[in-house]
Structures are given as C-alpha cells and as structure tokens.
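Written below as structure tokens is the structure these notes are about.
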Amino acid sequence: MAILRLLLGGLALRFPSPLGIHALATDCAVTRTFVGSLYGVSARVEIDVRTRVAQVRLRGVPVAGTVEGKGWFSSPTAEEGPVELDPDFAAALRRRRISIVRAALDRKRDVITVVTRVPIIGEATLRLLPQDPVTLPPLDYGFVPLCTHGDEL
C-alpha cells in the first residue's frame, strides 16, 4: 500500500457521475437534419435528438426570405405537443402571421411533423424527412456514454 501511495503521491482518483460525464462531453450532441417543403417554403431542422432542441430555418417567398431560430417542446421530456420558440424567432414568425401549433418527433418512422397556422390557408401540416436516413437512437434518460464524434450513427 505504501508503494502505491508513493507512486500516486497525493493524487486522488475521482470518477465523475454519469451527469458529470455528459457535462464534460458537451460537444457530443447527436444532431440530425430533417428537410421538407410546403406551399413554397422550404424547411430545414437540425435537431439534437437527446435534448430535442431544434435549430429551424425557413426559406421562401411566402416567408419573405429566410427566418430562423431555435424551438423545443414545451415539456422537457416530450416528443410531441406544443413547442416554445426563442423570442426573436417567435417575433419573426408573428410578424409574418405564422404560428406553430404543435410538433412531433417520431423516432420509429424517422420523421418530424409540424402543424402550423398560416394566413389564408389556415392549418397546414409539414412533414420533414431525414436528410441522412438512419434510424434515430432510442431516447435514454440514463447513462450517456462518451462521444465517438458521430461514429455511433
């Protein structure tokens, strides 16, 4: 034991908790890109499938150019239902009289569905398909392994 202490000196080995490991690996988001279009508006959604926070970009004449911002489900554990938007994104959509009613991330079908309310048309459903089709990983609220920089997908 004395030899081990001498070799290690005063070094204390500590292993982080699973949440600590996840916090250390902040660059390991599992991001997927989904794309689709409806009524002349093309949509691109880059979503972190672990946190379900999405970076949304809408482009086309009906939205007067490009509008982009972040959105997420109102409930932190939800994968369908009402969404919240960052204030600037919400304001840009409101100026165009567009609102997002609800959204759904369907892992089994590998699709995102967004229900919107737009002027003249009313409610419209936009289906977004993966730009890089692979099966979404199941959501796991337990231990998050260290990242392999995208190799796991």
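Just so it is clear, none of the values below were taken in a lab; they were calculated from the coordinates. All figures in this text were calculated on a predicted structure; none of them were measured in a lab. Backbone-built Cβ (ideal geometry, glycine too); neighbour counts: all protein chains shown.
Descriptive notes on the structure:
- Less than 5 angstrom separates the built amide H of GLN131 from those of THR33, PHE34, VAL35, all sequence-distant by 5 or more or on a different chain.
- The stretch 71-76 - phi-based ³J(HN,Hα) in whole Hz, Karplus 6.51/-1.76/1.60, Gly and Pro as x: x, 7, 5, 4, 9, x
- The dipole here belongs to the stretch 30-130: it is taken about the Cα centre, uses +1 on the Cβ of Lys and Arg and -1 on the Cβ of Asp and Glu, and is about 200 debye.
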